[in-house]
Amino acid sequence: MSELKGKAIEPIHEHRANVLYQHGTLALLVPGLLEGTTTMGELLTHGDTGIGTGEGLDGEIIVLDGKAWKVGRTGVVEAVPDDLTLPFANIHRAAFQYQCERSDIGLEELNRRIVEANGRANTFFSVIVRGTFSFIKTRAVIKQQAPYPTLEEVADRQAIFLGHDVRGVMLGYFSPVMFHGAAVAGFHEHFLADDHSIGGHVLDAVLERGEILSQVFDTLVTHLPVDNPDYRNHDFSQDNIGEAITHAEGDTHR
Ligand SMILES: [Zn+2]
């Protein structure tokens, strides 16, 4: 088992590949502000690679090579139309740099070593892991209808999917702990099998063999739904944001 090399991954400024674009904040999902406030088409003007969820927490979205895919409660992978609206998404222009190859490693250990190798615990970065996963466990939240429940109430309304010996891509974003609330501190990872047999928000995985690529950002652009009445009028001081996000998103081994 080869060690992760401490190869320095630096931000690339060409084509704005140093910029992570985020629509919304995870904090607005906590009290149930789940209305779609941007469109997939608009997001794709800011990048070709990303993750997100549709209005009402409609499925787990992954964007790869400029194409958006969604996994909902049935587990079927569907193409996302440009007019799908989203309350939250991360997107960027892919300029990943090869980091290393890894084999026979679980998700927690893999994530820990990626942060160590990058030496980037206080920086936003994206990771792509391409290869064969001997085990993958994903979830898709079930779409909610207005009036929307809180994120904590929704946490149990999800479908779980299991895969074995699956070739695919795991795309993740790492957010520094000081941004917990705006994002999930640590990794937020979505998966898509090459044959589209499984996808979703990654809960657990074992990488049999694969390559790891990273892209570091020095700039975070946060686009907020400033004209959405529910967002404008909501009093966030009453929400226990950090704790609710940890409960709903932070623990990848539930
Ligand atoms: Zn997710």
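Here, each number is a calculation from the coordinates, and none is a lab measurement. No experiment lies behind these values; they were computed from the predicted model shown. Virtual Cβ from ideal backbone geometry, glycine too; neighbours counted across all protein chains shown.
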### Query
What is the Cα centroid distance between segment 92-148 and segment 14-69, reported in whole angstrom?
16 Å
### Message
If I model a spin label as a point 7 Å beyond the Cα along the Cα-Cβ vector, how far apart are those points for VAL226 and SER197 in nm?
### Response
4.8 nm
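What ranking, highest mean first, results for peptides 239-245, 91-97 when packing means the other Cβ atoms within 10 Å averaged over each residue?
Values: 239-245: 17.7, 91-97: 20.0.
Top of the packing list down: 91-97, 239-245.
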### Task
State the antiparallel share, in %, of DSSP beta bridges confined to the chain, rounding to the nearest 5.
90 percent
### Query
Using the reciprocal of the averaged 1/r over all distinct C-alpha pairs, how large is the Kirkwood radius of segment 117-173 in Å?
14.3 Å
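In whole angstrom, how long is each semi-axis of the equivalent ellipsoid of segment 95-254, when you take the square root of 5 times every eigenvalue of its Cα gyration tensor and sort them from largest down?
Working: eigenvalues 165, 82, 36 Å².
Values for segment 95-254, descending: 29, 20, 13 Å.
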## Note on the structure
Taking the chain and counting helices only, DSSP H stretches of n ≥ 4 at -39,500 (n - 2.57) each over all residues, the nearest-500 ellipticity at 222 nm comes to -2500 deg cm²/dmol
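Taking the mean number of other Cβ atoms within 10 Å as a proxy for protection, how do you rank 28-34, 154-160, 57-63 from highest to lowest? Before the final figure, lay out each step's value.
Values: 28-34: 23.9, 154-160: 15.0, 57-63: 25.6.
For the peptides 28-34, 154-160, 57-63, the packing ranking is 57-63, 28-34, 154-160.
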### Summary
The relative contact order of the chain, taking Cα pairs under 8 Å that sit 6 or more residues apart, comes to a percentage of 28 percent
### Message
Output the 0 to 90 degree angle, nearest 10, between the alpha-carbon long axis of helix 107-118 and the longest principal axis computed from the alpha carbons of the chain.
### Response
80 degrees
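How much length is gained on full extension from GLU243 to ARG130, taking 0.36 nm per residue of separation minus their Cα-Cα distance? Don't skip to the end; give the middle numbers.
Numbers: separation 113, 0.36 × 113 = 40.68 nm, distance 3.19 nm.
Roughly 37.5 nm would be gained on extension.
Quick check: residue separation of ALA8 and ASP65 times 0.36 nm, minus the Cα distance between them. What number comes out in nm?
18.1 nm
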### Task
For a quick protection proxy, order the peptides 108-120, 194-206 by their average other-Cβ count within 10 Å, most packed first.
194-206, 108-120
## Note on the structure
For LYS143, the aspartates and glutamates lying under 18 Å Cα to Cα, once residues fewer than eight places off in the same chain are dropped, come out as GLU35, GLU55, ASP58, GLU60, GLU78, ASP83, GLU152, GLU153, ASP156, GLU249
